[in-house]
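Engineer: The structure under discussion is supplied below as structure tokens; questions concerning it will follow.
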Amino acid sequence: MNSRKLTSESVEDMSKPLVSVVITCKNSLDTIRETLESLRNQTFQDFEVIVIDAFSDDGTFGYLSAKKTEWEKLHVQREQGNPAKGRNSGILRARGDYIAFIDADAYAHPDWLETLVKAIRQYENDGILGVGGPGEIPPADPINAKVIGSVLSSPLVGLNTRNNARWKTVRHVDHHPFFNAIYRRDIFEKVGLLNERLDVGEDVEFGWRVRKAGFKLLYIPNAIVYHHRRKSIASLAKQMYRYGYWRMILRLVDGSLISPIHFAPLGLLVIVVLTIVSSLMAPFFNFLTHVFTSLSLTYVLLMISLAMSIAIKFRSPKVFLLAFTSAIVTHICYGLGSLKGLFEKRI
């Protein structure tokens, strides 16, 4: 965990904003324009924006540098490192009493910040020091991204985990993804900054420390951020592999950060392998072949059913294959990443 400390400089600044919005980015020129424009259009305006650029080489930093000359709320700095390190730099620079987060590949609904601020101020006396909302699929995204997003949002694939969930009711959660969250500033003084050893999963680990310290995190469905999804199977595969790997790495921080549900994709891989092996060794393992084949076929039928429902939703038979492939790739790549992560002995 990072040992850098927040300073009290902002306490002496009477002009400080109520909220600091922190964004990290690298090579995000195609999307960060939309992010900043959505912040400029917020119904709540008592905030500053701090963007930490990890040395982009696609023109992102030049765009941000030009933008800050015309928008006094915007502050930009460069720092090499992973998102956790970038967010820590933003937190340390923040002057607000509350620190909100949004990703550079997302944009906010006009009342996003107002909704978050109202919620956290309403509930903070009840020990709720962090509030977050859903990541909706942007309406203008290409069909591939919408289909992949729909697959990940399905309980059959996403397993109803926090990142892809779009729950319709208020509830306590174990963490907030940093594409949509707000925390009271002093929580970082109480439990420390983000763990910079983690390339992925620092939100999960931070949420664990918040809850371990006796505080709560609240999900509200009406604080909406539109979060772009992967547009291709290849990029989805890479993302899921990293997610599976880093989720298993979290066990090295604390065993409670993984649960049986995180082993489901790896269990699927095991069943597939056992199905193949038992089939090759028949007739010696006829019973096991039947069991494993039945389990594999059940899984395939479930994924076919999911793909059909998504094809019906989009009123296009053409998306069936993409939906089916996305579901299979998600589980296989997450499972492979999990397998590698299980063999790691330290972060």
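The values are calculated or read from the model by the stated rules, or taken from the named source; none is laboratory data. Computed from a predicted structure; not experimentally measured. Don't worry about glycine lacking a Cβ; one is built from the backbone with ideal geometry, like all the others, and counts go over all protein chains shown.
Engineer: Identify all residues within segment 77-100 that are under 12 Å from CYS25 (Cβ atoms) and buried (at least 18 other Cβ atoms within 10 Å of the Cβ); write none if there are none. Show your work before the answer.
Structural biologist: Going residue by residue through segment 77-100, those that are under 12 Å from CYS25 (Cβ atoms) are 77-79, 83, 86-87, 90.
Listed by number, the residues that qualify are PRO83, GLY86, ARG87, GLY90.
Engineer: Answer yes or no as to whether TYR241 is within 25 Å of ALA327 (Cα to Cα), assigned by TED's automatic domain parsing to the domain that holds PRO139, touching a residue at least 40 places away in the same chain (Cβ under 8 Å) and buried (at least 16 other Cβ atoms within 10 Å of the Cβ).
Structural biologist: Working: within 25 Å of ALA327 (Cα to Cα): yes; assigned by TED's automatic domain parsing to the domain that holds PRO139: no; touching a residue at least 40 places away in the same chain (Cβ under 8 Å): yes; buried (at least 16 other Cβ atoms within 10 Å of the Cβ): yes.
In short, no.
Engineer: Answer yes if at least one residue in segment 318-326 is under 29 Å from ALA145 (Cβ atoms) and modelled with pLDDT under 95, and no otherwise.
Structural biologist: Going through segment 318-326, the residues under 29 Å from ALA145 (Cβ atoms) turn out to be 318-326.
In the following step, the residues that additionally are modelled with pLDDT under 95 were identified as 318.
Scanning segment 318-326 turns up at least one residue that is under 29 Å from ALA145 (Cβ atoms) and modelled with pLDDT under 95.
Engineer: What do you reckon, is VAL131 assigned to a helix (DSSP H, G or I) and either crowded, with 21+ Cβ neighbours inside 10 Å or touching a residue at least 60 places away in the same chain (Cβ under 8 Å) (or both)? If you could, list the steps in order and put the result at the bottom.
Structural biologist: Working: assigned to a helix (DSSP H, G or I): no; either crowded, with 21+ Cβ neighbours inside 10 Å or touching a residue at least 60 places away in the same chain (Cβ under 8 Å) (or both): yes.
The answer is no for VAL131.
Engineer: Shifting gears a bit: (1) at negative phi; (2) surrounded by 15 or more Cβ atoms within 10 Å (Cβ to Cβ): which one isn't true of GLY192, the others all being true?
Structural biologist: (1)
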